[in-house]
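Novice: Please see the structure below; I have some questions.
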Amino acid sequence: MLPYSRPRILPPIPPLVRLGLVGVAAAAILYVTVFATSPPVATRPEEAVELKVAIPSLDRTILAKAKDDTREQRLIIEPEPLRHLLEVAIDVGPTVAAALGMPENPVPIAQVRADLPSYRGRWLWYKGELEELNGPREGHPVKGYSIYEATLRLADSERVICAFSIAPGADVHRGGIVRVEGYLLKLRDTTYPHDITQAPMLVGRQIQHDYEDWPPVRQLDQTLFEKLGDDDPWRGTKAWHTIDEDQGEPLWHIGAFVRDTAAQRSFAEWRKIGTLNWAEVHPKLEQGLERGTPLRILGSLIRRTTIAAPANPAGIKFWTVAYVQVRDYDGRVVPVWIPKRVADLPLRAGLEIKAHYYRWFAYETQQGDKYRVPLFVAADLDEFVLETKAMREVGIGIGILLILMMAMFWWMQRRSSRQSLQHAREMDERRRRRRERQGFTTANSPPPAATP
């Protein structure tokens, strides 16, 4: 009778197959760990578009005709460089001004004088008291416009002269606070009505009424939002206003609020705040969510652009407009306005934005579809990152799991080797016994009968 051998449930697993199974299991664990906690990718992805801003070019040969080495040269204005800059500056709006590299703060006058070649033709801006306002006068290179000239007295008693094309508004008057911006043409001297020496002369588009700076905004004033009028989805209403059209006290107020209170909540506290989603938050938005309500926005960056902020009492120099696609919000694209110039981020970057609800925003896609989505204001655009502690714990867990799996496969391989060795021994024993039985039978069998 043959010795008993326990039947195998599975055939022996080759070492290479075992190694492959370990790699597959590790990759699956890593995928679930990382991608299950990453910001959701839109289910209906919109095309990511890098906005290109056309920057006007200056004719440096014409600009070089502006001379300011001597007082006699500074007392006159060369007509050809002036007309050239007036013609170019007429198309420089907030977006183009930001693309031209307008500085965050006014460049000190002494610095401009010390390095005039570097600043000539640069787009600069200044804020101060309006001392003189002259115009209109003829000679503008673009039909329908006239030439105006203003003199500003800055807080440090320095002066700036500006030529511009658009008639000043009713709120611009002598003694008021104004803002001018434009290309630096030359240094200018005057003798009347003020004796001015080496004042920078800018050539821009318009002069703006400016404001006394607000103190830090630590608390929202809900009364400022009572007449936003963003519930009506029809064109022409507040819901369709872009960042350029929405400049006013409500936007400045909430922009200053998110900027001035950004440090009040820690990262851990923000992680306890809910995220923008369709199932829970959208019904609250439809019912009327309070302005300024904090929410986290998890999504991917679809589009981004920066504009130079117009004059405002909040001290906001730039606005960045970001469009973020949020899978949890029905895959829709949500706008976020940030009251500063945001560092460059790659398109499709995963974001976790600490935002505050502002109002409804209506837009139309390239395919003609119309949507109404919530508009948010945030202090910055933050890339999505896993917490360091969580990543360390996940790494330790994965390491322990891999060690256990390797130990299990080592034990299975050792057990399989033992079984194979035992099976080989048993087969050898069976063959030996078979040979012995065959030899015994041959030795004891009778001799064959003789053949007649």
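The values are calculated or read from the model by the stated rules, or taken from the named source; none is laboratory data. Remember, predicted model here, so these are calculated numbers, not experimental data. No Cβ is skipped: glycine too gets one built from the backbone with ideal geometry, and neighbour counts run over all protein chains shown.
Novice: Looking at region 187-197 only, could you name the residues that are farther than 16 Å from Ser118 by Cα and in a strand (DSSP E or B)?
Specialist: Arg188, Asp189, Thr190, Ile196, Thr197, listed by residue number.
Novice: From the list Asp69, Asp91, exactly one residue is loosely packed, with under 13 Cβ neighbours inside 10 Å, in contact with a Pro (Cβ under 7 Å, 6 or more places away or on another chain) and assigned to a loop (DSSP other than H, G, I, E, B). Which is it?
Specialist: Going through Asp69, Asp91 in turn, the sole match is Asp91.
Novice: Quick check on Arg304: is it among the charged types (D, E, K, R), outside any loop (DSSP other than H, G, I, E, B) and buried (at least 19 other Cβ atoms within 10 Å of the Cβ)?
Specialist: In short, yes.
Novice: Here is a follow-up. Among the residues of region 208-223, is there at least one that is in a strand (DSSP E or B) and at negative phi?
Specialist: Within region 208-223, one or more residues are in a strand (DSSP E or B) and at negative phi.
Novice: Right, something else. Can you pull out every residue in region 108-140 that is of a type in the set (D, E, K, R) and assigned to a strand (DSSP E or B)?
Specialist: Lys127, Glu129, Glu131, Glu132, Arg137
Novice: Can you name the residue in region 79-88 that is crowded, with 16+ Cβ neighbours inside 10 Å and touching a residue at least 60 places away in the same chain (Cβ under 8 Å) and, of all such residues, is nearest to the chain's Cα centre (by Cα)?
Specialist: The selected residue is Val88.
Novice: Go through (1) surrounded by 11 or more Cβ atoms within 10 Å (Cβ to Cβ); (2) at pLDDT 80 or above; (3) more than 30 Å from Thr261 (Cα to Cα) one by one and return the number of the condition Gly368 breaks.
Specialist: Status for Gly368: all satisfied but (1).
Novice: Only one of Leu375, Leu347 is aliphatic (A, V, I, L, M), assigned by TED's automatic domain parsing to the domain that holds Thr305, in contact (Cβ under 8 Å) with a residue 12 or more places away in the chain and farther than 23 Å from Val281 by Cβ; which?
Specialist: Of the residues listed, the single one that is aliphatic (A, V, I, L, M), assigned by TED's automatic domain parsing to the domain that holds Thr305, in contact (Cβ under 8 Å) with a residue 12 or more places away in the chain and farther than 23 Å from Val281 by Cβ is Leu347.
Novice: Among the residues of region 94-121, write down those that are surrounded by 15 or more Cβ atoms within 10 Å (Cβ to Cβ) and closer than 24 Å to Glu245 by Cα.
Specialist: Of everything in region 94-121, those that are surrounded by 15 or more Cβ atoms within 10 Å (Cβ to Cβ) and closer than 24 Å to Glu245 by Cα turn out to be Pro94, Thr95, Val96, Ala97, Ala98, Ala99, Leu100, Met102.
A quick yes/no check of all residues on (1) surrounded by 18 or more Cβ atoms within 10 Å (Cβ to Cβ); (2) part of a loop (DSSP other than H, G, I, E, B):
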| site | (1), (2) |
| --- | --- |
| Ser157 | no, yes |
| Val160 | yes, no |
| Ile166 | no, yes |
| Arg174 | no, yes |
| Leu185 | yes, no |
| Met201 | yes, no |
| Arg205 | yes, yes |
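Novice: Inspect region 192-210 for any residue being under 22 Å from Glu72 (Cβ atoms), assigned by TED's automatic domain parsing to the domain that holds Ala114 and among the hydroxyl-bearing types (Ser, Thr, Tyr) and give the result as yes or no.
Specialist: yes
Novice: Identify, please: which residue in region 371-401 is outside any loop (DSSP other than H, G, I, E, B) and within 19 Å of the chain's Cα centre (by Cα) and is, among those, modelled with the lowest pLDDT?
Specialist: Per the criteria, the residue is Glu383.
Novice: Give region 273-312 a look and list any residue that's among the aliphatic types (A, V, I, L, M) and within 18 Å of the chain's Cα centre (by Cα), or say none.
Specialist: Of everything in region 273-312, those that are among the aliphatic types (A, V, I, L, M) and within 18 Å of the chain's Cα centre (by Cα) turn out to be Leu276, Leu295, Ile297, Leu298, Leu301, Ile302, Ile307, Ala308, Ala309.
Novice: Sticking with this structure for a sec: Identify the single condition in (1) in a loop (DSSP other than H, G, I, E, B); (2) buried (at least 19 other Cβ atoms within 10 Å of the Cβ); (3) over 38 Å from the mean Cα position of the chain (by Cα) that Tyr148 does not satisfy, given that it satisfies every other one.
Specialist: That leaves (1) as the condition not met.
Novice: Considering only residues that are surrounded by fewer than 19 Cβ atoms within 10 Å (Cβ to Cβ) and either under 24 Å from Ile316 (Cα atoms) or in contact (Cβ under 8 Å) with a residue 40 or more places away in the chain (or both), which ones fall in region 122-144?
Specialist: Selection gives Arg122, Glu129, Glu131, Glu132, Leu133, Gly139, Pro141, Val142.
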